[in-house]
Amino acid sequence: MTPPVIARWTSIIENGRTDELDALIADDAVFFSPAVFTPQEGQQQTLKYLKAAAKVFGTSDFHYVEQWYSNQSAILEFAATIDGIYVNGIDMIHWNDQERIVSFKVMLRPLKALQVIIPAMAELLAQWTDGDGPLRPAASSGDGPLRAAPPRLRSPRPR
C-alpha cells in the first residue's frame with residue numbers, strides 16, 4: 001500500500017498542483033540536488049527546487065516507473081524525455097511523524113540527462129525568489145544557484 005505522504009506527493013505532481021506542496025514540505029526540510037553539492041536547507045529552498053523541477057518535467061512524458069517504501073521513507077524511480085534526451089532517476093524521500101517531507105534527494109542518469117536538466121533548472125531558479133510568501137518571479141540578476149558548467153568525466157591517472 002502506498003504511504004499517504006507518497007500518495008499526496010504523486011497526486012500533486014501528476015496534476016500540476018505545486019501550490020499544495022507548501023503543506024507537504026516540513027519547515028526544516030532539506031533538498032539534495034544532483035547538480036549542487038551543498039544541501040538546500042529549509043522549506044523555501046526545498047520548495048524552490050521542487051517547483052522548478054515540476055515545471056521542467058511538467059511538459060515531458062515524466063512518469064514514475066517503480067516505487068519502494070519503508071516506515072518513513074520511499075524511493076521512487078522516474079523516467080522522462082527532455083529535449084530528446086532520456087532522463088532516468090530516483091527521488092529518495094523521508095518524512096516525519098506529522099507526514100511532512102523532511103528530506104528529498106534526487107539522483108539522475110545518464111550524464112546527458114544531467115547536462116540537459118542543469119541549464120533548464122538554472123534558468124527557472126534564477127527567475128524565482130523566496131521571500132516571505134510563495135515563490136514569485138524575481139528581477140533578473142544573472143546569478144542563479146546552478147551556474148556551474150556540466151560536470152566533466154576524468155580518466156583516472158595511472159599509478
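Checking each residue in region 44-66 for being of a type in the set (D, E, K, R), surrounded by 14 or more Cβ atoms within 10 Å (Cβ to Cβ) and in contact with an Asp or Glu (Cβ under 8 Å, 6 or more places away or on another chain) picks out only Lys48.
Conditions (1) modelled with pLDDT of 95 or more; (2) surrounded by 15 or more Cβ atoms within 10 Å (Cβ to Cβ), marked per residue:
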{"position": "Phe37", "(1), (2)": "no, no"}
{"position": "Ala80", "(1), (2)": "yes, yes"}
{"position": "Asp83", "(1), (2)": "no, no"}
{"position": "Trp95", "(1), (2)": "yes, yes"}
{"position": "Ala120", "(1), (2)": "no, yes"}
{"position": "Leu125", "(1), (2)": "no, yes"}
{"position": "Asp130", "(1), (2)": "no, yes"}
{"position": "Leu135", "(1), (2)": "no, yes"}
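Name every residue in region 30-46 that is within 27 Å of Pro110 (Cα to Cα) and out of contact with any Leu (no Cβ under 6 Å at 6 or more places or on another chain), in order of residue number. Step through it out loud before you land on a result.
Within region 30-46, the subset within 27 Å of Pro110 (Cα to Cα) is 30-41, 45-46.
Residues satisfying the conditions are Val30, Phe31, Phe32, Ser33, Val36, Phe37, Thr38, Pro39, Gln40, Glu41, Gln45, Thr46.
Looking for something in contact with a Leu (Cβ under 9 Å, 6 or more places away or on another chain), surrounded by fewer than 16 Cβ atoms within 10 Å (Cβ to Cβ) and among the aromatic types (Phe, Trp, Tyr) - is there at least one such residue anywhere in region 67-74? Yes; the residues of region 67-74 include at least one that is in contact with a Leu (Cβ under 9 Å, 6 or more places away or on another chain), surrounded by fewer than 16 Cβ atoms within 10 Å (Cβ to Cβ) and among the aromatic types (Phe, Trp, Tyr).
Give the residues of region 9-23 that are buried (at least 19 other Cβ atoms within 10 Å of the Cβ) and not polar (S, T, N, Q), sorted by residue number.
Trp9, Ile13, Leu21
The values are calculated or read from the model by the stated rules, or taken from the named source; none is laboratory data. All values reported here derive from a predicted model rather than from experimental measurement. Glycine gets a Cβ as well: all are built from the backbone with ideal geometry, and neighbour counts include every protein chain shown.
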